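Taken together, the values in this text are just the output of simple stated rules run on the coordinates, not laboratory data. Computed from a predicted structure; not experimentally measured.
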Amino acid sequence: MRKIEHIGIAVKDIEKSNQLFASLFGKEHYKIEDVKSEGVKTSFFKCGPNKIELLQATNKNSPIAKFIEKKGEGIHHIAFAVDNIEKEIERLTKEGFEMIHKAPKKGADNKLIAFLHPKSSNGVLVELCQEIDK
Ligand code: ZN
């Protein structure tokens with residue numbers, strides 16, 4: 001893994017949270033994106049070299065809806081940049097980590113993504129992401 005790519009925060013109302021985080025960072029979000037496969041609407045902020053992703057559920061079965069129901073709003077996942085996501089999935093599976101996604105899928109922000117199950121990583125939901133070559 002190369003570095004933290006972004007931190008994901010689950011929110012109930014992305015419009016309100018966009019305003020809140022714009023006040024916090026002194027800067028507007030730079031992108032909004034619907035990820036239909038995950039049932040989420042996302043927005044991205046830059047804070048120095050770091051990125052924050054806000055996620056709002058767009059349907060009741062979305063993982064974000066379930067998360068907020070159980071735990072409320074807050075930090076949802078930490079995403080790490082990897083160079084080769086398939087190799088990394090293979091390596092982590094061999095190490096005994098449980099993958100939610102055994103094969104990469106298309107995520108927000110032009111990335112291939114895969115999540116690890118938080119029960120195999122001390123309760124932290126870990127996302128792997130690899131930039132898709134343009
Ligand atoms: Zn993410």
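Table for the structure above
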{"quantity": "Extension gain, residue 66 back to residue 122 (0.36 nm per residue minus Cα-Cα distance, nm)", "calculated": "18.2 nm"}
{"quantity": "Nonlocal amide H pairs with residue 125, under 5 Å, H built at 1.01 Å", "calculated": "78"}
{"quantity": "Cubic angstrom per residue, convex hull over Cα atoms of the chain", "calculated": "111 Å³"}
{"quantity": "Residue with peak Gaussian network fluctuation, the chain [Cα springs, cutoff 10 Å], from 104, 63, 49", "calculated": "49"}
{"quantity": "Candidates 116, 55, 24, ranked by Gaussian network fluctuation over the chain, Cα under 10 Å, top entry", "calculated": "24"}
{"quantity": "Across 16/106; 27/66; 16/102; 70/94; 31/87; 36/66, pairs whose alpha-carbon gap is larger than 25 Å", "calculated": "16/106; 27/66; 16/102; 70/94; 31/87"}
